[in-house]
Every structure is written in C-alpha cells, then in structure tokens.
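Worksheet: one structure, shown below.
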Amino acid sequence: MNTAVTIAGVTLKNPVMTASGTFGSGMEYQDFVDLNALGAVVTKGVANVPWEGNPTPRVTEVYGGMLNAIGLQNPGIDLFMQRDIPFLESKDTQIIVNVCGHTIEEYVEVVERLNDSPVAMMEINVSCPNVKVGAIAFGQNTKALTEITKEIKAHAKKPIIMKLSPNVTDITEMAKAAEAAGADAISLINTLTGMKIDIQRKKFVLANRTGGMSGPAIKPIAVRMVYQCAQAVKIPIIGMGGISNAEDAIEFMLAGASAVAIGAANFINPYATVETIRGIEAYMKQQHIDDINELIGAVHE
Amino acid sequence: MTQKRKTNVTITKTKQLATGVYEMILQTPQAKEAGAGQFVALYTKDRSRLLPRPISICGIDPEQETLRLVYRVAGAGTGEFSTYREGDTVAMLGILGNGYPLDQARGKQALILGGGIGIPPILGLAQALKGENVTAILGYRDRELFLKDDFDQVCQTYVATEDGSVGTKGNVLDAVRMLEEKGELNPDIIFSCGPLPMLKAIKKYAEERGIPAYLSLEERMACGVGACLGCVCKTTHKDEHSQVNNARVCTEGPVFLASDVMI
C-alpha cells in the first residue's frame, strides 16, 4: 500500500501535515504525537524579526469552531534557525516553513535565510486576516499576489506554496494568479474572517474585533474551494479547513487535494494527526486502494 | 518533566459547594505528577463546543490517585460539567502549567491570598505548605465560604467579604492592611490567585513592601500546551521562548512573579 504523495518534487511519506500556527514547530505536541509519523510539519509563521502579535483576548470559541487573532506573533528568523530548524531536522518528516512579512522585502529576507537550510518547502502566508499591514493585503487581489509570488520565486531555492485566503469573491482567480506567477503549489483555505460580540458586556470578544474562523464548522466551504481550485489549476493543492479525522482528510483528497493539513483539530484532539494517518490507511485497506494517489481529485463529475 | 496526555477519566464525586461553584473529584494516575497551581483542561461532550476548559487543580491526592477540581459555572461548557455525576467520565488534558514554586516559601512567613474562584488553586498550595508559617486570606462575595473549612485545617485563615457578612468588609487587601495594623501580619512572600483587579493590587502592595509575589494569571486559551500563542501575558523582560515581551500563560505560567509581568 502506498501512502506517499509528491508535491513539487518533494515526497511526503503520507499526505498528512500540520496547519501553520496550530502546532508551533512541533515541540509542544511531542508528548502526544510521534513527529516522525507525519508527512510534514508546517511551522508557525516566521518573519525577519520577532513580532509581538495582537493584544489579548486572542482566541474564542464559536459554534463548531473558534476565532483567533494571534497576529502572527513569532520569535523571528534568527532564533528560528537556531532552535526550530535543528529540532525539526532531527525528525524524519518534511519541514515546511510558513513565511510572513509586512512587505515583499521582509518576505524575501526570510526566504533567502531559509534557502540553504534543510527546509523542504516554504509556505508563503499572504492570507492572515489578523494583521493590518502585509500578509492578507497580498492575498486579496490578483495583481498584488502575482507581484509577491514572482518576487519570491525569483529568490527562492525551494518550492513555494502560496497559502490562499478564502476571504475573496472568487478563490480560483487567486489560484490561477499564483500558478501563472510561478507558484509550485497552493494551500487553502486560511481562516474565514469572523466576529463575536459579548452581549452581556456589549463588547467585541477579541481585542482585534475580528478573528479568523477555523474548526469543523468551516469544512464544507473549504472542500468546495479546494474542488473549485482543483478544476482551475494544474499545480498541487494542499487542502485544509476543519479537518479533524481521516474521513475529512479523504474528502479533501477526493475534491482534489494532494495533501492535507490539520489545524484547529489539534487543540480539540492532540492526537488528531496520527489518528488521521491510521484512519486513511484503514480506509485504503477497506476500499482496496493500493495507491493513495488514486484518491486525488477522484470526484469531479 | 511529566508527559502531557489527553485521557478519559472517571469522576468519583461531585458536589455543589456554593451558588454556581462545584466540586469534581477525578480518578487519574496523573495525580502523582501534579503540583499546586497547575491546571488541567476538560472537554465538553457537546460537539459544538470544542475547546478544552482550563480548570485549576484544587487538591491532589497522589495515594488515592485523585485530583480535586473546584470551578465556577461561567458558561455552557462549565454548565455541562456541573451536571456530571459520580461514575461519569470526562476527557481531560493535563497536567498543564508550571505551578507555584513551593521551595520559595520554606522558612518564610508566607501570605497566600485567594479571591473568588481564585481560592481553589491556593488551597492546594496551603495544603502542600502545611507545617510552614502560612497565613491565608480569602475574599468572598458573601457568607458562602466555600473551602474555608479546608483552609482552617492547614493554616491560619482570615476572610474578607464584599458584603461584610463575614470577616473584614471589603477585599483581601483590606484584610491584609487591617491585620498589618494590628501587628498580626508581616509577610516575606505572597502567593495569590484571583480576579485581575485583585492581582494588580497585590502586585502594587508587594512592590511597596519590597517582597516577591507570585500571581496565577488567567487568559482565554485554545491549545493549553503552548502551541497556539492565544493566552499570552505582557512581560517586563523579553521572553526567551517568544523573543518578545509575551509569555504563554499555559506554559511559562499560569504562575508568574509579579515583577515579571505587566498586568
């Protein structure tokens, strides 16, 4: 039985990765998960310098999911190269670093620092809804997305994944723009912008007022968007958005995802990644599927 | 280092202690690994409410392998917990957080201050410090003095109530000042847990006296294990892990030295 998938020349032992921002660099989940079992660890976004992030409250629960407005707090690329990269290098899993910035120059600086590291791919975060400058500003119109993708591709020595925002009118336009600008893969969806109001205190629950929604409640939207993008582009798609278990992961693959990422579900079930891997194998056995690649985009009529 | 786990644990006892305040005893071998001031997070059975609820540990019995939790119903999640009965199971994530540094209290006059639902975690502390020179001051709303009897068994205990029905009228700091004036209190170190205004007042008081104060902070959490960076507090120095002036309440905390945090 083959569970390996290949994205932009990078082979993952299985299609299950972690969604950026929900797993740190894996250290915090070592008590629960054998990181060697994962297809890839996608790190929390890292910038050229440390970012403080947003004021608290940064997280709140909503029906079937949660809102977060962390604001990309991160320790900066210097400490990340010293601490997080060597840690992940000691594990038998692919390393995908999520990169964030306020300006194209800041993204490029991080990309260049990672070029000669053991990182397999870089995921470019142009879709975080919780920062005012940069990030999502590049992910909500095709012109800006094209420009940043081209510039990063011109400097990157590793395959580039552009992480797309669902907070657009037509995500296939963004997928096509990323592909045309040279992206090696796309990942979707980032969180959906949401809001929660405390009716007793008559105040916004999150200090940032809005936050990105994740969790099982957003899954049907994510499946639809993965499907639409799979029809629109030829580059591989990493699907995410509300995946909690093997059934969810398989649904994304049938919709066209070559790999999947587990995000908020880690908070609900810290064993979600490894349980999903086992569940996919059980499904393949039960369905007599020898190669997991048979599942990718199998539902399209 | 102990290993964090998510497990289903059996509830061996439940009891209502006061209006909106409940007790739950959990059977778990992880009781052997727990310390005063640490916490666990409990999951509801309602699949629309997904995030675990952080609840401080009130008491630890390593021999019986039980943890005692005392919590206030703050919403639908804790409301569900309050309906559980002996023999039910609950999914628990733990053991989480750093806990109080007990060694700092040895040989000193320790003052432990708890306000409202901040009282349960400092009971575990008072029990762990039994035999040391410890004074506890507990702040309640009214005459519903939950856990007061447990404190009486292990240390000198005073009470302040908002409505003045028992003890000093006012908050725990009012009681502290009153005891100081009477010459009955001269602390070297403070351990506390309670609402933010109380912790702010304790931080100020400790600074004035020039003594260390350990505060247990509360913040909205998602993962509980240090990954999501949801529950940070502002720190006076650059935090080693984050490289900014933010520390994770779930991991570097919940107990912080007052002079290390900006609250």
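Using a simple spin-label model with pseudo-atoms 7 Å out from Cα toward Cβ, residue B:165 and residue A:155 lie 6.5 nm apart.
A full extension of the chain between residue A:301 and residue A:173 corresponds to an added length of 43.9 nm, given 0.36 nm per residue minus the alpha carbon distance.
Two tests apply to each whole DSSP H helix in chain A, Cα reach of 18 Å or more along its axis and mean Kyte-Doolittle hydropathy of at least -1.0, and the ones passing both are A:142-155, A:219-232, A:272-287.
Taking the Cα centre as origin and putting +1 on Lys and Arg beta-carbons and -1 on Asp and Glu beta-carbons, what dipole magnitude results for chain B, to the nearest 20 debye?
Dipole about the Cα centre, nearest 20: 660 debye.
Annotation for residue A:199 and residue B:237: the two label points, set 7 Å from Cα along the Cα-Cβ direction, are 4.7 nm apart.
Backbone N atoms of region A:1-28 closer than 14 Å to the 7 Å Cα→Cβ label point of residue A:294 belong to residues A:1-4.
Report the equivalent ellipsoid semi-axes for chain B in whole Å, largest first, defined as the square roots of five times the eigenvalues of the gyration tensor built from alpha carbon atoms.
On the way: eigenvalues 156, 101, 57 Å².
In descending order, the three semi-axes are 28, 22, 17 Å.
With R₀ set to 45 Å, the beta-carbon distance separating residue A:137 from residue B:83 gives a calculated FRET efficiency near 0.45.
Only lysine pairs 8 or more places apart or on separate chains count here, and in region B:117-258 those with Cα atoms under 29 Å apart total 24.
When ranked by the protection proxy of mean other Cβ atoms within 10 Å per residue, highest first, what sequence do the peptides B:98-104, B:7-13 form? Display every interim value, and only then the final one.
Details: B:98-104: 17.3, B:7-13: 15.3.
Descending packing order for the listed peptides: B:98-104, B:7-13.
Taking every pair of alpha-carbon atoms in region B:5-96, what share in percent sits in each 10 Å bin, from 0 to the bin with the longest distance? All Cα pairs, binned at 10 Å, distribute as 18, 57, 24, 1 percent. Within straight cross-link reach of residue A:202, meaning Cα distance under 18 Å, which aspartates and glutamates are found once same-chain residues fewer than 8 apart are removed? Within reach: A:61. Return the lysines within reach of residue A:150: Cα separation strictly under 19 angstrom, same-chain partners fewer than 8 residues apart disregarded; answer none if there are no such residues. The reachable lysines, counting only those whose Cα sits under 19 Å from residue A:150, are A:158, A:163, A:176, A:234.
Residues B:188, A:170 in ascending order of nearby Cβ atoms (within 10 Å, fewest first): A:170, B:188.
At full extension, residue B:104 and residue B:74 could sit 7.5 nm farther apart than now, given 0.36 nm per residue minus the alpha carbon distance.
Calculate, in whole percent, how much of the Cα-Cα pair population of the protein assembly as shown lies beyond 41 Å. Please list the in-between numbers first.
Working: 43204 of 158766 pairs.
The calculated P(r) of the protein assembly as shown puts 27 percent of pairs beyond 41 Å.
Expressed as a fraction of 2.2 N^0.38 Å, the rule-of-thumb size for a compact globular protein of N residues, what is the C-alpha radius of gyration of region B:164-214?
Working: Rg = 11.1 Å, N = 51, 2.2 N^0.38 = 9.8 Å.
It is 1.13.
Run down the lysines and flag those whose C-alpha is under 22 Å from the C-alpha of residue B:45, throwing out any fewer than 8 positions away in its chain. Within the straight-line limit of under 22 Å, residue B:45 reaches these lysines: A:219, B:4, B:6, B:13, B:15. A straight line joining the Cα centroids of region A:172-194 and region B:237-263 runs 36 Å. Sparse packing (at most 11 other Cβ atoms within 10 Å of the Cβ) combined with a DSSP loop state is found for the following trypsin sites (Lys or Arg not before Pro) in region A:179-215: A:201, A:202. Spatial offset of region A:63-136 relative to region B:135-158 amounts to 49 Å, using the alpha carbon center of each.
For the protein assembly as shown, what proportion of DSSP beta bridges, expressed in % and rounded to the nearest 5, is antiparallel?
In the protein assembly as shown, approximately 55 percent of DSSP beta bridges are antiparallel ones.
Exposure proxy shown here: for A:300, A:102, A:155, the number of other Cβ atoms within 10 Å sets the order, fewest to most, as A:300, A:155, A:102.
Read-outs throughout are calculated quantities, based only on the coordinates presented, and are distinct from any laboratory measurement. Computed from a predicted structure; not experimentally measured. Ideal geometry is used to build each Cβ from the backbone, glycine not excepted, and the neighbour counts take in all protein chains shown.
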